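Participant: I have a structure I would like to understand better, so I am pasting it below and will then ask my questions one at a time.
The values are calculated or read from the model by the stated rules, or taken from the named source; none is laboratory data. Just so it is clear, the model here is predicted, and its values are computed rather than measured. Backbone-built Cβ (ideal geometry, glycine too); neighbour counts: all protein chains shown. These accessible areas exclude ligands, DNA and RNA; they are computed on the full protein's heavy atoms, side chains included. Shrake-Rupley method; radii C 1.70, N 1.55, O 1.52, S 1.80 Å.
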Amino acid sequence: MNVIDSVYPNASHLLCTFHISKTISLKCKEYVESERQEHVIDQWNNMMYSNTEDEFDVHLNHLEGVCGNIPSFVMYVKETWLTPYTERFVAAWTNRVTHLGNTTTNRMESTHWRLKNMLTNSRGDLCASWEAVNTMLKLKLQLGSIRVSFQKSIVNIEHRYNTPFYSKFHSFVSRQCIQLIEKELERVKFVGASKQRCGCYIRTTHELPCACQLVGYHILGIPIPLESIHVFWTKLQISEYEVSPDESK
C-alpha cells in the first residue's frame with residue numbers, strides 16, 4: 001500500500017470490500033453477543049454502502065447507537081478502518097472513482113488459487129511454470145468461456161432489449177452492460193430527471209449513462225448513443241498473442 005502511494009501517486013487506490021466485511025464479521029463475533037450480531041452487521045453494511053456522506057454519517061451514528069455498550073468494537077471499527085481508510089472502501093467516496101464494478105479482489109484471488117494448484121510447488125522452473133499457466137487457461141476453459149460470452153453478446157438479442165431505445169447496442173456492447181443500464185432505468189421511477197436525486201453514480205463508476213441521462217434520451221426520442229458507453233463494455237473479442245518467428249529471435 002505504501003509503494004502504491006509512492007510509485008502511482010495519482011492512482012485511486014481502493015480496498016476490497018469483501019475482505020473488510022469478512023474481517024468486521026469476525027470481530028463482531030468476538031465482541032458482540034450472538035443475538036445482536038446480525039443487526040450490527042446490517043448497520044455496518046448500510047454504512048459501507050452509503051451513497052452520500054450524509055447517509056454515511058447517519059448510519060455511523062446508528063452503528064454507534066447499536067454498539068453503545070460495546071466501546072471496544074466501536075473503537076476497533078473506527079481506528080482500524082474508518083479513520084485511515086474510509087475513502088478507500090465506503091461507497092460515498094468510491095462512487096467518485098471509475099472502477100467499472102471492481103470493488104473486490106475475489107476474481108484475481110480465485111484465479112491465483114487455481115494457478116497455485118496447477119503449479120503444485122514453488123520450485124518449478126520457468127518452462128514448467130509457463131506450461132502450467134497455459135494449461136490452466138486452456139483446460140479450465142477460461143478463454144473458451146470468455147469467447148462464448150462475447151459471442152452471445154454479439155449474436156443473441158434478448159426480446160426485452162430488442163427495442164429502438166437499445167438499437168445502437170446490438171452486437172456492440174456486452175450483455176452485462178445492457179443489464180446494468182436496465183437496472184438504471186428502474187431508478188428513473190424514483191429520481192426522474194433530477195441530477196441531485198440521481199447522484200449519477202453509475203456514470204462515474206462504470207462510465208455508463210445514469211438515470212437522469214436516460215430520461216433525456218427518452219424525452220428526445222433517440223436511442224442510447226454508443227458514444228455514451230465506456231470502451232470497456234464494447235470489448236467483445238479476445239485473441240491469444242502469437243509470437244512471430246522474427247519476434248522470437
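Participant: Kindly sort 166, 8 by accessible area of their heavy atoms, largest first, with the probe set to 1.4 Å. Please list the in-between numbers first.
Facilitator: Numbers: 166 15, 8 145 Å².
My answer, sorted largest first, is 8, 166.
Participant: Same structure, new question: Along the range 93-106, what does the Karplus equation 6.51 cos²θ - 1.76 cosθ + 1.60 (θ = phi - 60°) give for ³J(HN,Hα), rounded to whole Hz, x for Gly and Pro?
Facilitator: Once rounded to whole Hz, the list reads 9, 5, 5, 8, 10, 7, 10, 6, x, 8, 10, 9, 9, 4.
Participant: With a 1.4 Å probe and all protein chains in place, put 158, 131, 87 in order of accessible area, largest first.
Facilitator: Working: 158 50, 131 105, 87 125 Å².
Correct descending sequence by accessible area is 87, 131, 158.
Participant: Sticking with this one: Which whole-Hz couplings ³J(HN,Hα) result when phi for each residue of the range 146-152 is put into the Karplus expression 6.51 cos²θ - 1.76 cosθ + 1.60, θ = phi - 60°, listed in order with x for Gly and Pro?
Facilitator: Once θ is set to phi - 60°, the couplings for the range 146-152 become 5, 5, 4, 4, 5, 5, 4 Hz.
Participant: Please work out how much accessible surface residue 149 shows to a 1.4 Å probe, ignoring ligands, DNA and RNA, in Å² rounded to 10.
Facilitator: Per-residue accessible area (residue 149): approximately 60 Å².
Participant: So, one more: With runs of 4+ DSSP H residues as the only contributors, calculate the mean residue ellipticity of the chain at 222 nm using -39,500 (n - 2.57) per run, divided by the residue total and rounded to the nearest 500.
Facilitator: Numbers: 14 runs with 145 residues, N = 249.
Counting only the DSSP helices, I get -17500 deg cm²/dmol.
Participant: Carbon and sulfur: what percent of the range 4-117's accessible surface (1.4 Å probe)?
Facilitator: 51 percent
Participant: Moving on. I need the shape label for the range 1-139. Rule: rounded when a/c is under 1.5, else prolate if a/b > b/c, else oblate, with a, b, c from the alpha carbon gyration tensor.
Facilitator: On the way: a/c = 2.70, a/b = 1.84, b/c = 1.46.
In terms of gyration-tensor shape, prolate.
Participant: Got a sec? Charge dipole of the chain, +1 on Cβ for Lys and Arg, -1 for Asp and Glu; which of 196, 66, 81 is way out at the positive end?
Facilitator: The Cα lying farthest towards the positive end belongs to 196.
Participant: While we're looking at this one, here's another question. Quote the accessible area belonging to residue 62 in square angstrom, nearest 10, computed with a 1.4 Å probe and with ligands, DNA and RNA left uncounted.
Facilitator: That residue has around 100 Å² of solvent-accessible surface.
Participant: Here is a follow-up. Normalising by the residue count of the range 31-71, find the relative contact order in percent from Cα pairs under 8 Å and 6+ residues apart.
Facilitator: On the way: 21 pairs, mean separation 17.3, N = 41.
Result for the range 31-71 is 42 percent.
Participant: By its C-alpha gyration tensor, with a ≥ b ≥ c as the square roots of the eigenvalues, how is the range 154-195 shaped: rounded for a/c under 1.5, else prolate for a/b larger than b/c, else oblate?
Facilitator: Numbers: a/c = 2.52, a/b = 2.28, b/c = 1.10.
Here the range 154-195 falls in the prolate category.
Participant: Next up: Mind sorting out which of (1) 1, 6, 12, 15, 17, 15, 13, 9, 6, 4, 2, 1, 0, 0; (2) 1, 6, 13, 17, 20, 17, 12, 7, 4, 1, 0, 0, 0; (3) 1, 5, 9, 11, 12, 12, 13, 13, 10, 7, 4, 1, 0, 0, 0 is the real P(r) over Cα pairs in 5 Å bins from 0, in percent computed from the coordinates?
Facilitator: Working out P(r) over Cα pairs in 5 Å bins from 0, in percent from the coordinates points to (3).
Participant: If you don't mind, another one. What residue among 41, 11, 181 has its Cα farthest toward the positive end of the dipole of the chain, where the charges are +1 on Lys, Arg and -1 on Asp, Glu, each on the Cβ?
Facilitator: Towards the positive end, the residue furthest out is 181.
Participant: When Lys and Arg each count +1 and Asp and Glu each count -1, what net charge do the other residues less than 15 Å away from residue 177, Cβ to Cβ, add up to? Don't skip to the answer; put the middle values down first.
Facilitator: Working: positive: 152, 160, 168, 175, 183, 203, 235; negative: 158, 182, 184, 207, 227.
Here the charged neighbours net out to +2.
Participant: Charges at C-beta only: +1 for Lys and Arg, -1 for Asp and Glu. How large is the resulting dipole of the range 54-205 about its Cα centre, in Debye rounded to 20? Don't skip to the answer; put the middle values down first.
Facilitator: Details: 20 positive and 13 negative charges, 149 e Å.
That gives a dipole near 720 debye.
Participant: Looking at this model, which pairs from 27/195; 22/235; 183/235 are more than 31 angstrom apart at the alpha-carbon? Could the numbers behind the result be given before it?
Facilitator: On the way: 27/195 39 Å; 22/235 33 Å; 183/235 21 Å.
Violating the 31 Å Cα-Cα cut-off are 27/195; 22/235.
Participant: Could you order 161, 85 by accessible surface area, starting with the largest, using a probe radius of 1.4 Å? Could the numbers behind the result be given before it?
Facilitator: Numbers: 161 10, 85 65 Å².
Output order, biggest surface exposure first: 85, 161.
Participant: HN-Hα J couplings of the range 153-163 from phi, Karplus 6.51/-1.76/1.60, θ = phi - 60°, integer Hz, Gly and Pro as x?
Facilitator: Taking θ as phi minus 60°, the curve returns 5, 7, 9, 8, 10, 5, 4, 5, 9, 8, 10 Hz for the range 153-163.
Participant: Something else now. Per residue, how much accessible surface does the range 12-141 expose to a 1.4 Å probe? Answer in Å², no decimals.
Facilitator: 63 Å²
Participant: GNM on the chain, C-alpha springs below 10 Å: top fluctuator among 84, 223, 209?
Facilitator: Sorting by GNM fluctuation, first place goes to 84.
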